[in-house]
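Colleague: Take a look at the following structure, please.
The values are calculated or read from the model by the stated rules, or taken from the named source; none is laboratory data. This one's a predicted model, so the numbers in the text were calculated from it and none came from an experiment. Here the Cβ is made from the backbone with ideal geometry for all residues, glycine too, and neighbour counts use every protein chain on show.
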Amino acid sequence: MMAIIGASGSGKSSLLNIIGGLDRPSAGQITVNGRNLLKAPDRELEDYRLHDVGFVWQQSARNLIPYLTAQENVELPIIAARARTAPPAQRARELLDAVGLLSHSDHRLAQLSGGQQQRVAIAVALANQPQILLADEPTGEVDSITANQIWQLLRELNRRFNLTSIIVSHDRDIARVVDRVIGIRDGKISTETVRQAHSGMLEEQLSQEGINGESSEALPFGRAACRSR
């Protein structure tokens, strides 16, 4: 589980969109599971987005259709991906249960809080059984208590479904749940911090490297590893 941090305009979301196959880079290389996304034809990219990647956005409206119920929203990508799973309705209920919203399966968006809507959006992102979960500021529009709940949920789902999760965030609390943090500055990797044992040490290192994302202090190039004492 990895976080990408950096100041506004540093290239975090652009990198996430490239990894997700939404944008093509003008140069360089992008390889995911042996697949060269830079050279992949449009149809192959569409298949990649449909089956291999799940997206969670800051604004849950990008994932959800307001006039459908929570369950119907989750069923749609299951049907679209033609996933070889349990029937769509059953699979949708399993995912809503996984995010703690099974009791709200028949609710429409207007009947759900912001945090509940984001949980539905996470279930939608998992509906196609992705190998990679990409989340762009998933806690940007919720309060701190709800944000912490979402971080813990993402961590639990990452382990349960054996995902590769990449999260863009300005939230310092992300240090408690991720294993690696990549710092981006001017479109390039400036730092890499890896948690090996003690999460507190990672959080301290992240604070020094400007995880809140608005620091203008230059960051050293290289790699940092946190070790337990």
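Colleague: Scanning for something more than 22 Å from Asp171 (Cβ to Cβ) and among the hydroxyl-bearing types (Ser, Thr, Tyr), does region 47-54 turn up at least one residue?
Modeller: Yes, there is a match, as at least one residue in region 47-54 is more than 22 Å from Asp171 (Cβ to Cβ) and among the hydroxyl-bearing types (Ser, Thr, Tyr).
Colleague: Continuing with the same structure: I'd like to know if region 34-45 contains one or more residues that are crowded, with 16+ Cβ neighbours inside 10 Å, in a helix (DSSP H, G or I) and under 14 Å from the mean Cα position of the chain (by Cα).
Modeller: Within region 34-45, not a single residue is crowded, with 16+ Cβ neighbours inside 10 Å, in a helix (DSSP H, G or I) and under 14 Å from the mean Cα position of the chain (by Cα).
Colleague: Checking Val194 against (1) closer than 23 Å to Val53 by Cα; (2) modelled with pLDDT under 85; (3) touching a strand residue (DSSP E or B) at 6+ places or on another chain (Cβ under 6 Å); (4) surrounded by fewer than 19 Cβ atoms within 10 Å (Cβ to Cβ), which single condition isn't satisfied?
Modeller: (1)
Colleague: Does region 174-184 contain at least one residue that is among the basic types (Lys, Arg), in contact with an Asp or Glu (Cβ under 8 Å, 6 or more places away or on another chain), more than 12 Å from Met1 (Cα to Cα) and modelled with pLDDT under 90?
Modeller: no
Colleague: Restricting to region 84-112, what's the tally of residues that are in contact (Cβ under 8 Å) with a residue 24 or more places away in the chain and assigned to a loop (DSSP other than H, G, I, E, B)?
Modeller: Final tally of qualifying residues: 8.
Colleague: Next up: What do you reckon, is Arg49 outside any strand (DSSP E or B), basic (Lys, Arg) and farther than 20 Å from Asp136 by Cα?
Modeller: When the stated conditions are applied, Arg49 does not pass them.
Colleague: OK, next. Filter region 94-108 down to the residues that are in contact with a helix residue (DSSP H, G or I) (Cβ under 6 Å, 6 or more places away or on another chain) and not polar (S, T, N, Q), then identify the one that is nearest to Gln129 (Cα to Cα).
Modeller: Leu95
Colleague: Here is a follow-up. Within region 124-138, is there a residue that is assigned to a helix (DSSP H, G or I) and either at pLDDT 95 or above or in contact with a helix residue (DSSP H, G or I) (Cβ under 6 Å, 6 or more places away or on another chain) (or both)?
Modeller: Yes, region 124-138 has at least one match.
Colleague: Same structure again: Could you please give the count of residues in region 167-185 that are in contact with a strand residue (DSSP E or B) (Cβ under 8 Å, 6 or more places away or on another chain) and closer than 10 Å to Glu137 by Cβ?
Modeller: Number satisfying all stated conditions: 4.
Colleague: Further question: How many residues does region 77-108 hold that are surrounded by fewer than 18 Cβ atoms within 10 Å (Cβ to Cβ), closer than 21 Å to Asn162 by Cβ and among the β-branched types (Val, Ile, Thr)?
Modeller: The qualifying residues number 1.
Colleague: Just to be sure, is Leu64 assigned to a loop (DSSP other than H, G, I, E, B), crowded, with 20+ Cβ neighbours inside 10 Å and touching a residue at least 40 places away in the same chain (Cβ under 8 Å)?
Modeller: yes
Colleague: Here is a further query. Among (1) part of a loop (DSSP other than H, G, I, E, B); (2) closer than 25 Å to Glu156 by Cβ; (3) not charged (D, E, K, R), which single condition is Ser10 missing?
Modeller: (2)
Colleague: For region 7-50, which positions are at positive phi and modelled with pLDDT under 90?
Modeller: Result: Gly9, Gly11, Gly28, Asn33, Gly34.
Colleague: Separate question: Quick check on region 140-162: of everything there that is touching a residue at least 40 places away in the same chain (Cβ under 8 Å) and in a loop (DSSP other than H, G, I, E, B), which residue is surrounded by the fewest Cβ atoms within 10 Å (Cβ to Cβ)?
Modeller: The selected residue is Gly140.
Colleague: Of the residues that make up region 126-145, is at least one of a type in the set (Val, Ile, Thr) and within 30 Å of Pro87 (Cβ to Cβ)?
Modeller: Yes, because at least one residue in region 126-145 is of a type in the set (Val, Ile, Thr) and within 30 Å of Pro87 (Cβ to Cβ).
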